[in-house]
Amino acid sequence: MEAFVLVALFGFALLLAELLLPTGGLLALIGAAGLVAGGVIALGSDSDAADIAGPALITLGILSAGTFYFVARKGSAAHRDQPVRTGTEELIGAGAEARSTIDPTGQVWLQGTIWGARLANGAAPVRLGDRVIVEAVDGLTLVVRPQPPSVETSREGGI
């Protein structure tokens, strides 16, 4: 087996490993460099297939590096300014559906689970099926407020 084929296969393996491992782009960079190196080795080879494979591997390596750069930059920009929200922090501000009348306590359906709920101070009672917004989490009880009707709902209702 030709040396350029082994180097190119190693480069492909590193590019695939980058997809599965959180290395921050190191494997993608080395894999793209491996493809370019395989192409350079192929250009110096006496094989007939190397005349086509050399430029193809160099082009593929450069395109892989460029694609990774732009995709990684967009991906990191999308998550850069987002605070990490998990657990109860993730529930605050979420919309839920009332599964019972809430006056002052009841139940809501949120993220595939039925939660105990109580009305926030000054909130109007909620009927079965109405949408609510989670304002706080108190233990295993959600503090909710009725969701204001959207513009589309107002137009449909003839208001």
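Read-outs: derived from the displayed coordinates by stated rules, not from any lab. Because the structure is a prediction, the values reported are computed rather than measured. Every residue, glycine as well, gets a Cβ built from its backbone with ideal geometry; the counts of neighbours run over all protein chains shown.
Summary of computed values
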{"read-out": "Cα centroid separation, the range 38-83 to the range 93-124 (Å)", "value": "52 Å"}
{"read-out": "Sum of side-chain charges, residue 147 neighbourhood, beta-carbon under 10 Å (Lys, Arg +1; Asp, Glu -1)", "value": "0"}
{"read-out": "Where labels lie 7 Å past Cα in the beta-carbon direction, separation of residue 59 and residue 1 in nm", "value": "2.5 nm"}
{"read-out": "Which labelled figure in [x] 23.6, 95; [y] 28.3, 84; [z] 17.3, 54 is Rg and Dmax of the Cα atoms in Å, once derived from the coordinates", "value": "[y]"}
{"read-out": "Virtual spin-label span in nm between residue 114 and residue 49, 7 Å along Cα→Cβ", "value": "6.4 nm"}
{"read-out": "DSSP-defined antiparallel bridges as percent of all bridges, the chain, nearest 5", "value": "80 percent"}
{"read-out": "Residue-span extension gain [residue 88 to residue 33] - 0.36 nm each, minus C-alpha spacing", "value": "15.3 nm"}
